[in-house]
Amino acid sequence: MNIRLKMGSLVLAYTLVKGGELSVMETRFEAYLERNDVKEENQVIYRTFKKHILRFWMWYTYTFDEKYKYPYLNVKR
């Protein structure tokens, strides 16, 4: 699963692997923000994978898994 950090026209991708921790990504993002002058509107982490609402067996995950709490960003490839 990819999570993207969109800063203006710059988009950085972070790929979650099984057992990966979101906290590592968030810590690195915070360190990046401290080192660089980034506009406030560009200090948002987005997920680039959709919630498939017809997969009813995933609703618990969609509701409580931290990676689904990020706003969705549609990135055309």
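The values are calculated or read from the model by the stated rules, or taken from the named source; none is laboratory data. Bear in mind the structure is a predicted one, so any value in this text is a computation, not a measurement. Every residue, glycine as well, gets a Cβ built from its backbone with ideal geometry; the counts of neighbours run over all protein chains shown.
Among residues of segment 66-77 that are in contact (Cβ under 8 Å) with a residue 24 or more places away in the chain and of a type in the set (D, E, K, R), those with a beta-carbon under 7 Å from a residue that is surrounded by 10 or more Cβ atoms within 10 Å (Cβ to Cβ) and in a strand (DSSP E or B) at least six positions away or on a different chain give the pairs Lys67/Ile3; Lys67/Arg47. Contact map, segment 38-63: residues that are under 24 Å from Met25 (Cα atoms) paired with residues that are in a loop (DSSP other than H, G, I, E, B) and charged (D, E, K, R), Cβ distance under 6 Å, separation 6+ or inter-chain. Pairs shown: Tyr62/Lys51.
Looking only at segment 31-55, filter to residues that are more than 21 Å from Asp65 (Cα to Cα) and surrounded by 10 or more Cβ atoms within 10 Å (Cβ to Cβ); which one of those is modelled with the lowest pLDDT? Across segment 31-55, the extreme among qualifying residues is Asn42.
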